[in-house]
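Report on one structure; see the data block that follows.
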Amino acid sequence: MKIVIHRYNSICEPGYIDAFRALGMEVIEDDLEMTEKSIPADVRIGTVAEMILTHKPMFVFSINFFPYISDICEHLHVMYVCVSVDCPVAELMFPAIRNSCNRVFLFDRRQYEEVAAENPGHIYHLPLGVNPLISAPDTHEMLYDVSFIGSLYNEKNPYTDIAPALPDKVRGMCDGLLAAQELLPGLDVLEAVMEDGNTGADIKSEFNKYLPSALSGTEDTVCDMAAFWTVNGCLGVELTVRDRLMLLSSLAESIKDMGTVHLFTRSDTGMLKSLSPSMVCHGGVSTLTEMPAVFASSRININTTMRPIRSGLPQRIWDVLGCGGFLLTNAQAEIPEFLEPGRHLAVYETVDEACELLRYYLTHEDERTRIAAEGYAEVTGRHTIPARVASMISMIMEDMPG
């Protein structure tokens with residue numbers, strides 16, 4: 001049984017390739033985009049089409065949804081399977097999402113609920129999972145009290161670029177929304193306001209002028225959530241910047257009498273250092289080799305989910321637990337569906353609660369070690385990428401004609 005995998009250097013690709021091969025599938029790799037990014041459209045289309053016609057695969061697979069691949073598969077009558085690892089994924093709003101060849105798996109249930117009606121029975125909710133290739137070294141010592149690995153998003157924040165160009169009224173609305181959301185972390189203020197006919201329409205209209213994309217709500221998109229995704233994606237990144245600066249600086253100051261917070265990032269850390277001089281800022285780490293060692297060598301690992309992921313579990317949660325690390329994470333609606341707070345990981349609702357839990361678990365080593373061990377056993381036993389791939393194949397086979 002053959003499948004063709006379109007590759008573009010996503011860090012998730014190797015884990016899925018290994019999982020497919022473990023199921024006895026022959027994997028044919030379309031790797032042109034791994035080394036060449038400026039490929040003419042006709043070459044991209046021709047390459048994928050030729051591989052399908054030559055190898056006659058059971059399906060074509062990719063990480064995230066590529067409308068042009070879906071259109072090729074629809075034309076050639078072959079199934080197209082993809083797994084979303086980002087949220088939101090702009091391309092889900094292209095008309096190609098309606099193609100009958102699609103089998104699209106989304107990890108964020110809110111995103112799934114908003115797009116599923118565009119292709120009933122061909123779009124699924126499926127959480128992410130542990131990549132067995134990302135595992136902790138056999139032996140390690142505790143080198144860090146508290147660690148966070150990830151972007152601060154200040155270098156890729158679209159709101160910074162467009163805010164000065166917005167009319168004063170709209171910029172004031174956005175700044176008010178952002179401030180309200182910071183004060184009310186448990187409520188989705190942005191979504192509630194965006195559903196308001198007048199305020200929401202004003203913001204959407206202005207953002208569409210500066211963020212033309214698949215999410216702009218134009219004729220190139222397929223549902224009325226497109227404009228909301230544009231605004232949520234932009235303001236959500238701005239909120240993520242604020243979340244991470246506030247959380248990390250607060251955590252660092254709260255434990256400076258008993259430990260140190262370590263940040264591993266490729267982002268500019270100047271603002272964070274000014275907020276919390278006690279924090280130690282390192283550079284970025286490689287996903288497959290250095291990151292697992294940091295997770296395993298940290299007494300406590302922090303996860304703070306970027307705001308556009310509205311209900312699902314980001315990859316960092318699975319990776320920390322899969323390396324045997326103890327995890328303190330923000331609350332996400334789907335966590336209780338797969339993991340038990342207090343047994344597999346620790347969950348906070350507010351920054352103040354995060355600081356309290358951090359101090360508590362730094363001084364309760366036996367409890368922390370037990371939770372880390374149970375979290376590791378749970379995710380490596382039930383929530384791996386091979387297990388997810390097996391679920392995908394089962395759902396795909398059920399849908400195939402007899």
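The values are calculated or read from the model by the stated rules, or taken from the named source; none is laboratory data. Just so it is clear, the model here is predicted, and its values are computed rather than measured. Please note: Cβ atoms are built from the backbone with ideal geometry, for glycine as well, and neighbour counts cover all protein chains shown. These area figures cover heavy atoms from the full protein model, side chains too; ligands, DNA and RNA do not enter into them. Shrake-Rupley method; radii C 1.70, N 1.55, O 1.52, S 1.80 Å.
Of the residues making up segment 27-63, those that are small (Gly, Ala, Ser) and open to solvent by less than 50 Å² (accessible area, probe 1.4 Å) number 3. Under the condition of being open to solvent by less than 20 Å² (accessible area, probe 1.4 Å), closer than 20 Å to THR289 by Cβ and aliphatic (A, V, I, L, M), the residues counted in segment 116-148 number 2. For segment 385-402, the tally of residues that are in contact (Cβ under 8 Å) with a residue 24 or more places away in the chain and small (Gly, Ala, Ser) stands at 3. Of all residue pairs spaced 6 or more apart or on separate chains, those with beta-carbon atoms under 9 Å, a first member in segment 20-43 that is among the basic types (Lys, Arg) and a second member that is at pLDDT 90 or above are ARG21/VAL27; LYS37/TYR8. Of all residues in segment 271-284, exactly one satisfies the criterion of being open to solvent by 40 Å² or more (accessible area, probe 1.4 Å), at pLDDT 95 or above and either under 30 Å from LEU190 (Cα atoms) or not in a strand (DSSP E or B) (or both), namely GLY283. If the condition is being open to solvent by less than 40 Å² (accessible area, probe 1.4 Å) and at pLDDT below 95, then segment 98-115 contributes GLN111, GLU114, VAL115.
For the residues THR305, THR287, THR350, the requirement of being β-branched (Val, Ile, Thr), surrounded by fewer than 18 Cβ atoms within 10 Å (Cβ to Cβ), under 17 Å from LEU128 (Cα atoms) and under 23 Å from the mean Cα position of the chain (by Cα) singles out THR287. Each residue in segment 242-270 was checked for being in a helix (DSSP H, G or I), in contact (Cβ under 8 Å) with a residue 60 or more places away in the chain and open to solvent by 20 Å² or more (accessible area, probe 1.4 Å), and 6 pass.
Per the listing ASP86, ASP168, ASP71, the residue uniquely of a type in the set (D, E, K, R), open to solvent by 10 Å² or more (accessible area, probe 1.4 Å) and over 27 Å from LEU32 (Cβ atoms) is ASP168.
Segment 309-402 holds helices (runs of 4 or more DSSP H) entirely within its bounds, and those carrying 3 or more residues that are over 20 Å from ILE11 (Cβ atoms) map to 335-338, 351-362, 365-382, 385-399.
One residue stands out in segment 361-384 among those that are of a type in the set (A, V, I, L, M) and without any contact (Cβ under 8 Å) to a residue 60 or more places away in the chain: the one that is farthest from SER147 (Cα to Cα), namely ALA377.
Contact map, segment 151-166: first residue closer than 29 Å to CYS281 by Cα, second residue open to solvent by less than 10 Å² (accessible area, probe 1.4 Å) and of a type outside the set (S, T, N, Q), Cβ cut-off under 6 Å, separation 6 or more or different chains; pairs are LEU152/ARG244; PRO158/CYS234; TYR159/CYS234.
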